Amino acid sequence: VNGSASCAVASLALGVHALGASYSGDANHLASVAVPVSHTVLSASVTLLSTECTLTVVDNTPFTVTATISGAAPTGSVTFYRDGTAPFCADTALAQQSAACATTLHTVAGHAQDGYALTAAYSGDSANAASVSAPLAVRVLAASEIVFRDGFQTAVSGCALR
């Protein structure tokens, strides 16, 4: 349109790619081939962190997990999963190479001793390949397992009081 054209490439494999274009010409313009340009797709890695007490949460109490993406100025989104298959924050946009998700977990009788494995899946972009974090193990405590002291601060084994 008006002397220019564009196309979107959904995904390229890791590595260096030569991208070029050609024009078939028309009655007023000759055919043309552009000199290819080099485009590199790097691997990206996802690190999943909890901003709360180390990997232990209380039943039905909100907490936040954050996925940090390393790579070449990554853009795109992250979907957070519980036990590998159940998404709980889908298509969370990246802001300054990270995405945060506020959520709650519940104790469920017979569910891996009230533990969950959380992962984050990065969508990838034109310069960074899609990637999935290593699982973050989270233990969910029932309210009956909480000890109160210093007013109403919760005290959980292995966690410092705030």
Next on the checklist: Can you list residue pairs whose Cβ atoms sit under 7 Å apart, with the first residue in region 72-88 being closer than 15 Å to residue 135 by Cα and without any contact (Cβ under 8 Å) to a residue 12 or more places away in the chain and the second being of a type outside the set (Phe, Trp, Tyr) and assigned to a strand (DSSP E or B)? Count only pairs 6 or more apart in sequence or on different chains.
Outcome noted: 87/79
Checklist entry - In region 82-95, which residues are modelled with pLDDT of 90 or more and either exposed (fewer than 11 other Cβ atoms within 10 Å of the Cβ) or over 22 Å from residue 140 (Cβ atoms) (or both)? => result 91, 93, 94, 95
Item to check | Scan of region 21-41 for residues that are modelled with pLDDT of 75 or more and surrounded by 10 or more Cβ atoms within 10 Å (Cβ to Cβ), ordered by number | outcome: 21, 23, 25, 29, 32, 34, 36, 37
Next on the checklist: Please count how many residues of region 101-110 are modelled with pLDDT under 80 and under 18 Å from residue 61 (Cα atoms).
Outcome noted: 3
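Looking for whichever is within 28 Å of residue 15 (Cα to Cα) and buried (at least 19 other Cβ atoms within 10 Å of the Cβ) here; the options are 56, 79. Which one fits?
On the way: 56 fails: within 28 Å of residue 15 (Cα to Cα).
Residue meeting the stated conditions: 79.
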Checklist entry - In the list 98, 133, which residue meets the criterion of being touching a Ser or Thr at 6+ places or on another chain (Cβ under 7 Å), at pLDDT 85 or above and either of a type in the set (Lys, Arg) or buried (at least 20 other Cβ atoms within 10 Å of the Cβ) (or both)? => result 133
Checklist outcome for this item: Here the residues within region 9-41 that are free of Cβ contacts under 8 Å to residues at least 24 places away in the same chain and under 16 Å from residue 129 (Cα atoms) are 10
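The values are calculated or read from the model by the stated rules, or taken from the named source; none is laboratory data. If you're wondering where the values come from, they're calculated on a predicted model, not measured in any experiment. Cβ atoms come from the backbone with ideal geometry, glycine included; neighbour counts cover every protein chain shown.
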